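Quick notes on the structure that follows.
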Amino acid sequence: MPTIRTSEEGRRLAEARWRKHREREAEAWADDALSLAILTEAQEDRLIGDLLRQGAESALAEVAPSIVVAAAELGLCRATAERLADLAMLLTAVAIERAGGPEVALPTPEAWRATVAWDAIFSPSGESLVVGEIARESQAETAEPTGRD
């Protein structure tokens with residue numbers, strides 16, 4: 001490894017390393033593009049559709065748990081949070097399709113509910129345990145000194 005004696009030498013070395021990195025990425029991208037070039041148009045359309053559907057379904061899987069956290073933040077009960085989450089997923093799936101996206105499969109209620117730490121968010125009676133926590137944490141973060149003068 002070369003010895004760096006000045007900041008200018010360090011800058012040049014860093015630029016050379018980044019240039020090599022970008023060249024390797026460009027070569028990898030070109031290899032991927034060439035592999036797509038051998039597909040028929042129908043295969044390419046199917047591959048793109050599958051990738052879009054997979055991305056949309058992955059994003060959709062995050063909707064319900066996010067809605068539950070937001071509902072708990074606002075003090076809504078668990079039953080209401082669950083109903084809102086189910087409705088939000090359905091509306092999001094319809095919006096994706098109406099925007100020209102793929103038809104997506106909704107996670108089952110049991111599947112998405114299994115991803116939520118219910119006992120950390122709601123009491124056994126269904127009351128929110130985290131009302132206002134996000135707002136308080138956000139305020140605390142913005143009030144913390146950044147160390148910059």
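The values are calculated or read from the model by the stated rules, or taken from the named source; none is laboratory data. Since the structure is predicted, the reported quantities are computational estimates derived from the model, not experimental observations. Cβ coordinates were reconstructed from backbone atoms using ideal geometry, including for glycine residues, and neighbour counts include every protein chain displayed. Protein only, heavy atoms only, side chains kept; ligands, DNA and RNA dropped before computing areas. Shrake-Rupley method; radii C 1.70, N 1.55, O 1.52, S 1.80 Å.
Can you tell me the length gained on complete extension of the stretch A117 to R98, counting 0.36 nm per residue apart and subtracting the Cα distance?
Result for the pair: 3.6 nm of gain on full extension.
With a ≥ b ≥ c the root eigenvalues of the C-alpha gyration tensor of the stretch 46-119, is it rounded (a/c under 1.5), prolate (a/b larger than b/c) or oblate?
prolate
Out of the stretch 44-149, which GluC sites (Glu not before Pro) are coil in DSSP terms and have no more than 11 other C-beta atoms within 10 Å?
Within the stretch 44-149, the qualifying GluC sites (Glu not before Pro) (loop, at most 11 other Cβ atoms within 10 Å) are E103.
Of the heavy-atom accessible surface of the stretch 52-149 (probe 1.4 angstrom), what whole percent is carbon and sulfur?
That fraction is 58 percent.
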